[in-house]
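Engineer: Shown below is the structure under consideration.
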Amino acid sequence: MPVSAGPAGSAADPGGLAVRLPPGPAIAGLLPPGPRLPAPASEVWPADTRLWSWGPWHEGEVRTADCPRARVVAVGQCLAGSARMRDDLGRAARDGDWESLTRWPGAYLLLVLENGGRTTAYADPAGQFPLYYARSGGRTVLSTRAAAVAAMTGRGEAVDAPALAAHIVCPGVPELVDDRTAFAGVRRLGPGEALRIDPGAGAPARWTHAALEPDADARLQDGAARLRPALRQAVALRARGAARITADFSGGLDSTSLAFLAADACRAPLDAFVYHHPAAPAGDLEHALRHADGTTAIRLRLTRGGDTSLPYAGLDARGAADQPDPATAVVARLRLRLAHIASTGGGVHLTGEGGDALLTAPPAHLGEVAAARGARRLAHDALALGRLRRVSPARVAHRALRLARTPLDRALRDLAGQLERPAAQPPQWLDAVAWWPPPGVEAAWLTPRARRDLAELARLAAERAERAHRDGPLPGPGARAALCELRASAALHSQLIELARPFGVWPHAPYLDADVVRACTSLPVPAKADACTVKPLLATALAGAVPGAVLARRTKGDYAAEDYLGVRRAAADLRARLARSPLADLGIVEPARVVAAVEGAVNGLAAPFPALNRLLGADLWLHGVLHTGEAG
């Protein structure tokens, strides 16, 4: 029942809100306070009915502190000590500087409840710990779960079809839907944004409190000098504070570097996990074995894949998701890995999520090189990347110059045309030297109506971008692309945390900590690019702290063989699932076209697996919302 209908109680709970709360854990609030939430929700603080909590939280996942003038709750991975939280809160209350509380180590959503009734929320810079909200009945309803906001405002089965279409086809263009979610009318507080609700003020105020803007004068050494202590602290605080800690160990730069830092901070050998499918090797195992052989501080554990862990196997095992989860396609693999970690004791588990987004330069950075009139640098990069990608250096330079001359609003208008006339061929690497990779053949999966709706959203976004450009300079294409990748990484890890919860495993991504994010994004994106070094910022920051062989790896695990093996084994199930997809019932996709892409993949043809995975994540989410009402 929506809040606007007033207090709808029951015989067991007169005056309470008659809603079915989604599976937890979650924190939710009605501002100004309204009817009580039903069991199992309970007040975060006795006698303060603004915030409620329910569900099985990890120990330390919800941290609180109070002082005579205010209370705070940090949801996520706040690594500050209790004494520091209390002292800093008292100081912030005296000075009115609530944003200073967002500088504690870790990554978390911060909620500040002042005694006068004002409530302010601060999202972490990467957006790993989201806050959702909506207005209903003169109140602001907010929660850490979108499904809770939807339920509390009567939107439980109201789906935002254009937002789902954009999620499937244009994930690299968040400007299309801005803060919309898959639930119609439910908004999401963006990364680094703040939301303030004042009693009697009506709609909440929203602004950016943590703008991730690079220092134009910063050099690689400057970024490395900031990253090294931030990353070491992120790992050390977890190693000291957790009863048990484990780590991924793919043999790649990101997770393997974290594992060595954790092993250095732990007294006992660190259990580190590498996944390997013998029938479809990704190329990680040999590197993991070689790096682990050189130390007694790491105990390597092999998670061996099989037929039941292939992509597209056991999709229904994903269970209810709060928002569409692209990782649903590999849920069997993830569950196998989590079960293996749990069998050794569970606890805090370090992952390398976020490393790619923060430490590499997307192809769009070439537009910033060209815009800076760095002819020598552009020629050097075009030659090196052309040779690496087997593309004419002249074509690389031409794309970079064209990107430098293309404002964001024009790119959005071009996108509208591309959506209305889908490409017949998948985009190539050179096409990524743009504000975003163009929509591929998956755009043709959408119905004509859905494509028209997205094209209209693109034109509206272009108008907003044009107005914003008049008010001041916008981020360059490389910086913008990197922030989009960071946002996507944070969303994936947020979903992983929930998937891992039943296993007693708590995934942590140190690269997504606020201090690490600030250190990496303080460096201009072109400064992170080096054709001879995969991740020069990480290599410079951790030189001497991590074995050089780890930092020198130039390849990355490739799971394409497993994708093709999985789609062949699951082809019959995918055909049947797509034929009855609620995405078709909503007029979003034409199933026959998606099935044709699956058939092509079965026969070994190039397939847009990322788009297929996003579609399947949306399909499973919709089944949960429309058929069981248990999303979340």
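Engineer: Return the only residue of VAL595, VAL625 being touching a residue at least 12 places away in the same chain (Cβ under 8 Å), assigned to a helix (DSSP H, G or I) and more than 26 Å from the chain's Cα centre (by Cα).
Structural biologist: Working: VAL625 fails: more than 26 Å from the chain's Cα centre (by Cα).
Only one candidate qualifies: VAL595.
Engineer: May I pose another question? Filter the range 85-102 for residues that are acidic (Asp, Glu) and touching a residue at least 12 places away in the same chain (Cβ under 8 Å); which is surrounded by the most Cβ atoms within 10 Å (Cβ to Cβ)?
Structural biologist: Initial filter on the range 85-102 (acidic (Asp, Glu)): 87-88, 95, 97, 99.
Applying the additional criterion that residues be touching a residue at least 12 places away in the same chain (Cβ under 8 Å) yields 88, 99.
On the way: ASP88: 19, GLU99: 15.
The extreme case among them is ASP88.
Engineer: Restricting the search to the range 171-208, which residues are within 15 Å of the chain's Cα centre (by Cα) and farther than 21 Å from PHE129 by Cβ?
Structural biologist: Passing the criteria: GLY172, VAL173.
Engineer: Same structure, new question: For the range 350-434, which helices (runs of 4 or more DSSP H) that fit wholly inside it have 2 or more residues that are free of Cβ contacts under 8 Å to residues at least 40 places away in the same chain? Full working, then the answer.
Structural biologist: Working: elements: 355-359, 365-371, 375-389, 393-404, 408-420.
Those helices (runs of 4 or more DSSP H) span 375-389, 393-404, 408-420.
Engineer: Go over the candidates ALA158, ALA224, ALA184 one by one and state the one that is in contact (Cβ under 8 Å) with a residue 60 or more places away in the chain and surrounded by fewer than 23 Cβ atoms within 10 Å (Cβ to Cβ). Spell out how you get there, then give the answer.
Structural biologist: Values: ALA158 fails: in contact (Cβ under 8 Å) with a residue 60 or more places away in the chain; ALA184 fails: in contact (Cβ under 8 Å) with a residue 60 or more places away in the chain.
Unique residue meeting the criteria: ALA224.
Engineer: Run down THR144, THR153, THR119 and say which single residue is over 30 Å from ALA444 (Cβ atoms), in contact (Cβ under 8 Å) with a residue 60 or more places away in the chain, crowded, with 21+ Cβ neighbours inside 10 Å and within 16 Å of the chain's Cα centre (by Cα). Don't jump to the end; show me each part of the working.
Structural biologist: Details: THR153 fails: within 16 Å of the chain's Cα centre (by Cα); THR119 fails: within 16 Å of the chain's Cα centre (by Cα).
Exactly one residue qualifies, and that residue is THR144.
Engineer: Let me ask something else about it. Here's a check for you: in the range 516-559, which residue that is buried (at least 21 other Cβ atoms within 10 Å of the Cβ) and touching a Lys or Arg at 6+ places or on another chain (Cβ under 6 Å) is farthest from PRO229 (Cα to Cα)?
Structural biologist: Applying the filter and picking the extreme gives LEU537.
To keep it simple, each residue is scored yes or no on (1) at pLDDT 95 or above; (2) surrounded by 24 or more Cβ atoms within 10 Å (Cβ to Cβ).
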| site | (1), (2) |
| --- | --- |
| LEU457 | yes, yes |
| GLU466 | no, no |
| ARG470 | no, no |
| PRO473 | no, no |
| PRO477 | yes, yes |
| CYS484 | yes, no |
| LEU492 | yes, no |
| PRO510 | yes, yes |
| ASP513 | yes, yes |
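Engineer: Restricting attention to strands (runs of 3 or more DSSP E) lying wholly within the range 1-118, give those where 1 or more residues are basic (Lys, Arg), at pLDDT 90 or above and outside the structural domain of SER494 (by TED's automatic domain parsing). Can you show your working first?
Structural biologist: Numbers: elements: 26-31, 42-45, 48-54, 62-67, 70-78, 106-114.
Strands (runs of 3 or more DSSP E) meeting the threshold: 48-54, 62-67, 70-78.
Engineer: Another question, if that's okay. Quickly run through the range 119-140 and pick out the residues that are touching a helix residue (DSSP H, G or I) at 6+ places or on another chain (Cβ under 6 Å), in a strand (DSSP E or B) and among the hydrophobic types (A, V, I, L, M, F, W, C).
Structural biologist: Answer for the range 119-140, where residues must be touching a helix residue (DSSP H, G or I) at 6+ places or on another chain (Cβ under 6 Å), in a strand (DSSP E or B) and among the hydrophobic types (A, V, I, L, M, F, W, C): just ALA134.
Engineer: Just to be sure I understand, how many residues within the range 296-335 are among the hydrophobic types (A, V, I, L, M, F, W, C), within 12 Å of VAL274 (Cα to Cα) and free of Cβ contacts under 8 Å to residues at least 40 places away in the same chain?
Structural biologist: 1
Engineer: Which count do you get for residues in the range 320-343 that are at pLDDT 95 or above and either over 27 Å from LEU612 (Cβ atoms) or hydrophobic (A, V, I, L, M, F, W, C) (or both)?
Structural biologist: Going through the range 320-343 one residue at a time, the tally reaches 12.
Engineer: Could you check, for the range 414-435, whether at least one of its residues is closer than 27 Å to ALA519 by Cβ, surrounded by 23 or more Cβ atoms within 10 Å (Cβ to Cβ) and not assigned by TED's automatic domain parsing to the domain that holds ARG240? Outline the logic, then answer.
Structural biologist: Step one: list which residues in the range 414-435 are closer than 27 Å to ALA519 by Cβ, which gives 432-433, 435.
So of that shortlist, the ones also surrounded by 23 or more Cβ atoms within 10 Å (Cβ to Cβ) come out as 433, 435.
If we keep only those that are not assigned by TED's automatic domain parsing to the domain that holds ARG240 too, we end up with 433, 435.
Scanning the range 414-435 turns up at least one residue that is closer than 27 Å to ALA519 by Cβ, surrounded by 23 or more Cβ atoms within 10 Å (Cβ to Cβ) and not assigned by TED's automatic domain parsing to the domain that holds ARG240.
Engineer: Sticking with this structure for a sec: For the range 574-584, check the following and say yes or no: at least one residue is more than 27 Å from PRO22 (Cα to Cα), in contact with a helix residue (DSSP H, G or I) (Cβ under 9 Å, 6 or more places away or on another chain) and either buried (at least 18 other Cβ atoms within 10 Å of the Cβ) or assigned by TED's automatic domain parsing to the domain that holds ALA147 (or both).
Structural biologist: Yes; the residues of the range 574-584 include at least one that is more than 27 Å from PRO22 (Cα to Cα), in contact with a helix residue (DSSP H, G or I) (Cβ under 9 Å, 6 or more places away or on another chain) and either buried (at least 18 other Cβ atoms within 10 Å of the Cβ) or assigned by TED's automatic domain parsing to the domain that holds ALA147 (or both).
Engineer: Moving on. Scan the range 267-319 for residues that are among the aliphatic types (A, V, I, L, M) and in a helix (DSSP H, G or I) and report the count.
Structural biologist: Narrowing the range 267-319 to residues among the aliphatic types (A, V, I, L, M): 268, 270, 272, 274, 279-280, 282, 285, 288-289, 292, 297-298, 300, 302, 310, 313, 315, 317.
Adding the requirement that they be in a helix (DSSP H, G or I) leaves 285, 288-289, 292, 315, 317.
Residues flagged as among the aliphatic types (A, V, I, L, M) and in a helix (DSSP H, G or I) within the range 267-319 amount to 6.
The values are calculated or read from the model by the stated rules, or taken from the named source; none is laboratory data. Since we're looking at a predicted model, the values are computed, not measured. Positions of Cβ are generated from backbone atoms using ideal geometry, with glycine treated the same way; all protein chains shown enter the neighbour counts.
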